[in-house]
Amino acid sequence: MLTDQIMLAIAVDVARLFELAGIAVIIIGAIIAAVKFGRNLVVGRGSEAGRERDLVARFRSTLGRSILTGLELLVAADIIRTVAVDPTLESVLVLGLIVIIRTFLSFSLEVEIDGKWPWQKGAEGKS
């Protein structure tokens, strides 16, 4: 039978795994974006100015997507930690503030990557 202490230890470990996964996704995504950028810079074709803009846009898109994914994993870790490990009013308020800040960051990155708000994606095909 699982005791409260065992369940608490499991929740802490799962939250840590989500945090590590979020950090790893951001780091690996940054490395992949940099490698792709370098490779495309060496083998690229086309006009210099247009190619450079396109390369930077692709780099930012790849990096932004990895940051978004990492942020989502970090939010999941915060939720697990707050709900399962330390469910006090103060920790819930801190979680709410963290989620608001990360949501703002996510929206900002989404607009930066795609050039439009996330809810505008479904309206593309409609006239």
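No value in this document is a laboratory result; all are computed from the given coordinates. In this text, all values refer to a predicted model and were calculated from it rather than measured experimentally.
Compute the Cα gyration tensor for the range 9-118, then decide on rounded, prolate or oblate, letting a ≥ b ≥ c be the square roots of its eigenvalues: rounded whenever a/c is under 1.5, prolate when a/b is larger than b/c in the other cases, and oblate in all that remain. Oblate, because a/c is 1.5 or more while a/b does not exceed b/c.
Using 0.36 nm per residue and subtracting the Cα-Cα separation, the extra length available between Ile32 and Met1 on full extension is 6.7 nm. In the chain, the DSSP-assigned H stretches of four residues or longer account for a calculated mean residue ellipticity at 222 nm of -28500 deg cm²/dmol, using -39500 (n - 2.57) per stretch and the full residue count as denominator.
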